[in-house]
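The values are calculated or read from the model by the stated rules, or taken from the named source; none is laboratory data. Note that the coordinates shown come from a computational prediction; the quantities given were computed from them, not determined experimentally. Heads up, the Cβs are rebuilt from the backbone with ideal geometry, glycines too, and the neighbour counts pull from every protein chain shown.
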Amino acid sequence: MAKKESFDISTSVDMQEVDNAVNQTIKETMTRYDFKGTDCKVELDRSAGAVKLDADDEFRLTQLLSVLREKLSRRSVPLKNVHEGDVEVGTLGRARVTVSLKSGIDQETAKKISKDIRDGGFKKVQVQIQGEELRVTSASRDELQGVIAFLRPKDYGVELMFGNYR
């Protein structure tokens, strides 16, 4: 029996980098002139995988979101895995939003990726959905590299990471 080669397709967010980006956002809001004298809050909820933003009004909330996005992108957190919720405007014009961080590929996206690989015309390539990641196996490393090159330009709503290439 020929040796099988494989790799895994997954997605994740480094929570330590997110924590660093949140801390940098808090520091910047404390020093920026347009945030002086305001009551803006940024909180990281590690267990829920979300960042909660609270500001005096919608304008400051959008400014706070742009600072957070900038800090996340500088820390190499994939912005495709960052999903902003709906803005909630509360009493006295206060605005809140929850930014969720996506880790793991959901079943619907995994099935779509699997179908695209099967429809891509790759010979003897098998795809298995294993929880929140996919394992792609083949007898040929060239086929696996072709699958990676095939999937890189496609947009599935999350940043795909290819690992465990053996």
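Points worth noting:
- Which listed residue, of Ala110, Ala139, Ala149, is within 15 Å of Phe7 (Cα to Cα), under 16 Å from the mean Cα position of the chain (by Cα) and outside the structural domain of Ala21 (by TED's automatic domain parsing): Ala110
- Exactly one residue among Leu53, Leu72 is aliphatic (A, V, I, L, M), part of a strand (DSSP E or B) and assigned by TED's automatic domain parsing to the domain that holds Val22, and that residue is Leu53.
- Subset of segment 86-105 [of a type in the set (Val, Ile, Thr) and either out of contact with any helix residue (DSSP H, G or I) (no Cβ under 8 Å at 6 or more places or on another chain) or in a strand (DSSP E or B) (or both)]: Val89, Thr91, Val97, Thr98, Val99
- Selection status of Lys27, at pLDDT 90 or above and surrounded by fewer than 14 Cβ atoms within 10 Å (Cβ to Cβ): yes
- Boolean, Gly93 is in the same structural domain as Gln63 (by TED's automatic domain parsing), at pLDDT below 90 and not β-branched (Val, Ile, Thr): yes
- Residues in segment 7-23 include none that are charged (D, E, K, R), within 21 Å of the chain's Cα centre (by Cα), more than 26 Å from Gln130 (Cβ to Cβ) and buried (at least 16 other Cβ atoms within 10 Å of the Cβ).
- Enumeration of residues in segment 105-127 that are surrounded by 14 or more Cβ atoms within 10 Å (Cβ to Cβ) and more than 19 Å from Gly157 (Cβ to Cβ): Phe122, Val125, Gln126
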